[in-house]
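S.K.: This is the structure, below, for whatever I ask next.
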Amino acid sequence: MNVTTNKTGDLNAVLTVNITPEDYQGKVEKVLKDYRKNAKIPGFRPGMVPTGLIKKQYGKAVLIDEVNHILQHAVTDHLREEKLDILGNPLPIPNDNIDWETQSEFSFDFEIGLAPEFELSISDKTKVPYYKISADKKMVDRYVEDYAKRFGKMSSPEAVEENCIIKGDLVEVDKDGNAVEDGITANASVGLDSLDDKKTIKALTGLKVGDKATIDSKKAFKEDFNFANVIGSTKEAVEASTGLFEITIVEITKIEPAEMNQELFDKVFGEGTVKDEKEFRARIKEDAEKMFIGESDRKFYEDVKDVVLDKTKFELPDEFLKKWMQTSGEKPVTAEEVEAQYPQMKDSLKWQLVESKLVKEKGIEVSQEELVNYTKELVMRQMAQYGQQPEEKDLEDIAKRVLDNQEESQRIADQLFGDKLLKFYKETVKINEKEVSFDEFVKMLSK
């Protein structure tokens with residue numbers, strides 16, 4: 001057997017495998033002998049079927065199986081031995097001229113796409129923005145209001161007034177107020193603070209238990225209010241409805257917001273942690289901004305990717321990769337689908353090549369000890385949310401059980417590896433920090 005690689009371009013090559021009788025004859029004859037021992041053919045005793053008959057009946061199929069087996073190993077071994085860095089998988093070049101009945105020597109060709117050589121372009125001169133999300137006064141005010149409501153006291157006013165929650169029976173009606181046949185019905189609670197339509201708020205204010213009013217769900221609520229979810233329906237069903245719902249009030253409640261005092265501060269952050277409203281607001285701001293770090297990091301990573309790819313120039317074997325994409329998935333895709341998907345796939349593959357090279361050159365890796373310690377930290381943080389603090393031995397046992405699950409172990413390893421890469425980028429590139437509000441950050445992502 002002879003395996004060779006001939007470059008047809010900077011990033012393309014043809015791998016050729018030549019197979020001779022010496023490569024397959026012994027194995028084929030052994031398989032046919034085994035067939036002869038066990039073959040049950042009318043007119044012949046077991047083990048006495050003529051060799052020629054066995055060969056005629058099974059020889060071609062056995063030959064094809066053995067040649068394919070040799071071929072698969074030959075390609076894999078050659079790529080490994082020659083240390084060829086390829087993209088995708090070798091693509092067999094069709095050959096319709098093989099005559100399995102008469103040929104004894106076979107030649108097979110495969111297209112291969114070669115990974116490009118390039119220099120990494122990432123250093124302390126690489127400028128990348130980092131958007132630090134700040135909690136502005138509007139956001140802090142909203143959190144303060146939410147905490148005050150959460151720890152407030154419930155009352156039951158006689159009539160609907162500001163900050164009330166109305167529980168009622170809702171029935172879908174038409175424009176004349178008649179119940180829609182097979183329309184939506186529900187029992188749900190609606191807070192007046194979820195309404196954005198002054199006319200609706202006025203119509204509900206002053207109503208008592210047993211009174212009725214009509215709500216236009218397509219106009220009455222604030223933009224971020226999920227009315228469909230509240231009534232246990234779907235967005236599609238609500239959109240297909242008249243949008244008009246008659247509500248019969250069955251209960252009126254009101255949350256009296258907690259006063260801004262030490263009792264509230266202690267309930268939210270623990271006894272004596274904060275001592276006045278200024279500290280309370282400062283702590284809310286600090287905690288909110290900590291929650292945004294993950295969003296800032298994800299944006300930073302994407303910006304690193306864009307900047308580095310823009311500076312690191314190299315080509316890919318585009319035509320080969322497009323052919324490979326058509327056959328690599330579970331279902332074949334058309335050439336038109338490949339053309340539409342290729343630009344995104346190309347960027348993704350380029351980034352994989354950049355990070356693989358970076359990981360190799362910088363020696364970034366995850367040791368088993370690091371994986372265990374990282375898993376223990378994850379477990380400890382999760383248990384701390386429920387007020388639990390496990391002993392070291394219990395922590396070790398839990399971490400071991402988690403990592404015994406191969407899928408979970410890989411997920412955690414990937415997460416730790418991602419953290420290491422992020423740390424490397426933060427320590428390597430020149431960060432241009434910019435402070436933005438959460439709303440500004442969201443608008444920036446939507447562009």
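The values are calculated or read from the model by the stated rules, or taken from the named source; none is laboratory data. Quick caveat, the model's predicted, so the values are computed rather than measured. Cβ atoms come from the backbone with ideal geometry, glycine included; neighbour counts cover every protein chain shown. Side chains are part of the model used for accessible areas, which takes the heavy atoms of the whole protein and leaves out ligands, DNA and RNA. Shrake-Rupley method; radii C 1.70, N 1.55, O 1.52, S 1.80 Å.
S.K.: Set the bar at 32 Å for Cα to Cα. Now go through LYS222/LYS290; LYS83/LYS331; LYS55/LYS323 and name every pair that lies beyond it.
M.R.: Pairs exceeding the cut-off: LYS55/LYS323.
S.K.: Shifting gears a bit: Can you give the calculated 222 nm mean residue ellipticity of the chain, where each DSSP H run of n ≥ 4 adds -39,500 (n - 2.57) and the sum is split over every residue, rounded to the nearest 500 deg cm²/dmol?
M.R.: The helix contribution divided over the chain gives -16500 deg cm²/dmol.
S.K.: Next up: So the label point goes 7 Å from the Cα of MET380 along Cα→C-beta, right? Which residues of the stretch 412-431 then have their backbone N under 17 Å from it?
M.R.: What the label zone holds, given the 17 Å backbone N cut-off, is 416.
S.K.: In the chain, carbon and sulfur make up what percent of the accessible area (probe 1.4 Å)?
M.R.: C and S fraction of accessible area: 47 percent.
S.K.: Over the chain, what is the relative contact order in whole percent, taking alpha-carbon pairs under 8 Å and six or more residues apart?
M.R.: 19 percent.
S.K.: Turning to a different aspect of this structure: Where a ≥ b ≥ c are the square roots of the eigenvalues of the C-alpha gyration tensor, would you call the stretch 41-110 rounded, which needs a/c under 1.5, or, failing that, prolate if a/b is larger than b/c, or oblate?
M.R.: Prolate, because a/c is 1.5 or more and a/b exceeds b/c.
S.K.: Check each of the GluC sites (Glu not before Pro) in the stretch 121-216 and keep only those in coil by DSSP with at most 14 other C-beta atoms within 10 angstrom; list them in order.
M.R.: Counting only loop positions with at most 14 other Cβ atoms within 10 Å, the GluC sites (Glu not before Pro) in the stretch 121-216 are GLU158, GLU161, GLU162, GLU181.
S.K.: With a 1.4 Å probe and all protein chains left in place, how much accessible area per residue does the chain have, in Å²?
M.R.: Heavy-atom accessible area per residue stands at 64 Å².
S.K.: If the only charges are +1 at each Lys and Arg Cβ and -1 at each Asp and Glu Cβ, what is the size of the charge dipole of the chain around the Cα centre, to the nearest 20 debye?
M.R.: Dipole size: approximately 740 debye.
S.K.: Right, here's the next one. Quick check on the stretch 11-154: take the gyration tensor over C-alpha atoms, sort the square-rooted eigenvalues as a ≥ b ≥ c, and tell me if it's rounded (a/c under 1.5), prolate or oblate.
M.R.: Because a/c hits 1.5 or more and a/b fails to exceed b/c, the stretch 11-154 counts as oblate.
S.K.: Counting only the heavy atoms of the protein chains, how much of ARG298 is accessible to a 1.4 Å probe, in Å² to the nearest 10?
M.R.: 140
S.K.: Choose one answer from GLY363, GLY52, GLY294: the residue with the largest mean-square fluctuation in a GNM of the chain with alpha-carbon springs under 10 Å.
M.R.: Residue with maximal mean-square fluctuation among GLY363, GLY52, GLY294: GLY52.
S.K.: Where does helix 137-150 land angle-wise versus the long Cα axis of the chain, in degrees 0 to 90, nearest 10?
M.R.: With rounding to tens, the tilt is 70 degrees.
S.K.: Within the stretch 47-76, what residues put their amide N at less than 20 Å from the label point 7 Å along the Cα-to-Cβ vector of LYS37?
M.R.: Label zone hits: 47-59, 62-63, 66.
S.K.: If you don't mind, another one. Consider a paramagnetic label point 7 Å from the Cα of GLU365 along Cα→Cβ; state which residues of the stretch 399-433 have an amide N under 20 Å from it.
M.R.: From the stretch 399-433, the list is 409-425.
S.K.: Which one of SER107, ILE93, PRO50 has its Cα pushed farthest toward the positive end of the charge dipole of the stretch 47-133, where Lys and Arg give +1 and Asp and Glu give -1 at the Cβ?
M.R.: Comparing the listed Cα positions along the dipole, ILE93 ranks first.
S.K.: For a Förster distance of 41 Å, can you work out the FRET efficiency between the beta-carbons of ASP419 and SER107, rounded to the nearest 0.05?
M.R.: So the FRET efficiency works out to roughly 0.25.
S.K.: Still on this structure, I have one more. Quick one: among ASP303, ASP99, ASP266, which has the greatest mean-square fluctuation in a GNM of the chain with alpha-carbon springs under 10 angstrom?
M.R.: Greatest mean-square fluctuation among the candidates belongs to ASP99.
S.K.: Once both labels are modelled 7 Å past Cα along the beta-carbon direction, what's the GLU256-ASP211 spacing in nm?
M.R.: Calculated label separation equals 2.2 nm.
S.K.: Which semi-axis lengths, in whole Å and largest first, follow from the square roots of five times the eigenvalues of the Cα gyration tensor of the chain?
M.R.: 65, 34, 25
S.K.: Now for a separate question. Using only Cα atoms, tell me the angle between helix 21-38 and the longest principal axis of the chain; keep it within 0 to 90° and round to the nearest 10.
M.R.: The helix 21-38 is inclined about 80 degrees to the chain.
S.K.: What distance in nm separates the simple spin-label points at LYS127 and THR76, each placed 7 Å from Cα in the Cβ direction?
M.R.: Inter-label distance under the simple model: 5.1 nm.
S.K.: Moving to a separate point now. Please provide three numbers in whole Å: the alpha-carbon extents of the stretch 12-83 along the principal axes, with the largest listed first.
M.R.: Per principal axis, max minus min of the Cα coordinates gives 56, 17, 16 Å.
S.K.: Measure nothing but the geometry: give the 0 to 90° angle between the long axis through the Cα atoms of 277-291 and the longest principal axis through the Cα atoms of the chain, rounded to 10°.
M.R.: Orientation of helix 277-291: about 20 degrees from the principal axis.
S.K.: Restrict the search to the stretch 146-178; then list the trypsin sites (Lys or Arg not before Pro) that DSSP places in a loop and that have at most 16 other Cβ atoms within 10 Å of their Cβ.
M.R.: LYS175
S.K.: Can you order the peptides 430-437, 404-411 by their average number of other Cβ atoms within 10 Å per residue, highest first?
M.R.: Ranking, from highest mean packing down: 430-437, 404-411.
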